[in-house]
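Let me begin by presenting the structure, written as structure tokens, before commenting on it.
Taken together, the values in this text are just the output of simple stated rules run on the coordinates, not laboratory data. All values reported here derive from a predicted model rather than from experimental measurement. Reconstructed Cβ throughout: ideal geometry from the backbone, glycine too, with neighbour counts over all protein chains shown.
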Amino acid sequence: MKRLIALLMVLGCCRCAASQDRARFLTVYVKDKPFRVEVAESEEQHARGLMHRRALPAGSGMLFVFADEDYRSFWMKNTLIPLDMIFINGDRLVVDLVRRAPPCRADPCPSYTSAYPARYVLELAGGTAERLGLEPGDKIFLPID
């Protein structure tokens with residue numbers, strides 16, 4: 001009986017942990033173009049980001065959500081695809097861009113820090129910002145608090 005209870009507790013914890021880490025998706029609009037993005041809200045999700053992914057489907061990306069507005073620093077450690085990093089403030093305005101950040105091939109990996117405080121960072125496939133003509137000051141539609 002004790003083994004059964006222990007097994008049920010372990011399975012319950014695993015199920016609970018898995019449900020907490022399930023990806024949440026939103027549709028954001030950049031220059032009136034929709035992007036279905038995975039939302040990274042927890043520290044673990046922030047740390048993992050888009051690491052180890054071999055491709056980023058067209059029209060997709062990742063939105064990093066932070067509790068406050070601050071300077072944000074990102075790197076491309078274990079990231080296999082070039083990315084655009086779009087730093088967005090609490091008013092949903094682009095405050096900085098990193099275009100086509102290359103995958104990090106050797107340690108130490110460079111960091112990309114926003115020029116101004118940001119509450120959100122949107123990562124899209126490298127070249128997307130340029131293709132859309134995205135510039136600092138542009139508004140991004142984010143359906144999130």
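Tell me which residues, restricted to the range 47-61, are touching a strand residue (DSSP E or B) at 6+ places or on another chain (Cβ under 6 Å) and within 18 Å of SER111 (Cα to Cα). Matches in the range 47-61: LEU50 only.
Among the residues of the range 53-100, which ones are surrounded by 15 or more Cβ atoms within 10 Å (Cβ to Cβ), within 10 Å of ALA118 (Cα to Cα) and of a type in the set (D, E, K, R)? Once the filter is applied, which keeps residues that are surrounded by 15 or more Cβ atoms within 10 Å (Cβ to Cβ), within 10 Å of ALA118 (Cα to Cα) and of a type in the set (D, E, K, R), the range 53-100 yields GLU69, ARG72, ARG92, ASP96.
All of (1) assigned to a loop (DSSP other than H, G, I, E, B); (2) under 21 Å from LYS31 (Cβ atoms); (3) within 13 Å of the chain's Cα centre (by Cα) hold for THR79 with one exception: (2).
Scan the range 27-52 for residues that are on the phi > 0 side of the Ramachandran plot, surrounded by 14 or more Cβ atoms within 10 Å (Cβ to Cβ) and more than 11 Å from the chain's Cα centre (by Cα) and the total you get is 1. List every residue pair whose Cβ atoms sit under 7 Å apart, with the two residues 6 or more apart in sequence or on different chains, where the first one lies in the range 58-77 and is more than 10 Å from ILE88 (Cα to Cα) and the second, anywhere, is among the charged types (D, E, K, R) and in a strand (DSSP E or B). Partner pairs satisfying both residue conditions: GLY59/ARG36; SER60/ARG36; GLY61/GLU123; MET62/GLU38; MET62/GLU123; PHE66/ARG119; ASP68/ARG119. Any residue at all in the range 106-116 that is within 12 Å of the chain's Cα centre (by Cα) and either among the hydroxyl-bearing types (Ser, Thr, Tyr) or not in a loop (DSSP other than H, G, I, E, B) (or both)? No, the conditions are met nowhere in the range 106-116.
Is it the case that some residue within the range 133-142 is touching a residue at least 60 places away in the same chain (Cβ under 8 Å), part of a loop (DSSP other than H, G, I, E, B) and within 20 Å of GLY49 (Cα to Cα)?
yes
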